[in-house]
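Where a number appears in this text, it was derived from the coordinates with a stated rule and is not lab data. Every value quoted in this text rests on a predicted model; they were computed, and no experiment measured them.
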Amino acid sequence: MSTPRTRPTDDSLAPHGGDGTVDAEFTVVNEFTAVRVRKILTRNGQRLEITSLRLDHHIRLDALALEGLSWQNEETISAYLDQPFGPEDPPTTEIGRE
């Protein structure tokens, strides 16, 4: 685990209530991947940013989104790993039509 740091980010939401700084940061690593987790202060409040260091994908979640994750069971979270980037084939029917 790395040491927490404070530094500016390129967050365009920063100017008012938050200054776009990283309040805390650490890295979680195993034999399959590595992710960086940062607490970021923005004008819209605190966000937790999770970044895949291998793929350079990231997401920023507020407190409500994080709470929503805590409502899920392990099977629901594991289902995202089956097709993490969505289905390869487009849907055969339009949404709302049968």
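Taking the Cα atoms of the stretch 20-82, the ratio Rg/Rh between the radius of gyration and the Kirkwood radius comes to 1.00. Shown in residue order for the stretch 47-58 are the 3J(HN,Hα) couplings computed by the Karplus curve 6.51 cos²θ - 1.76 cosθ + 1.60 at θ = phi - 60°: 9, 9, 9, 10, 10, 7, 6, 6, 9, 6, 9, 8 Hz (x for Gly and Pro).
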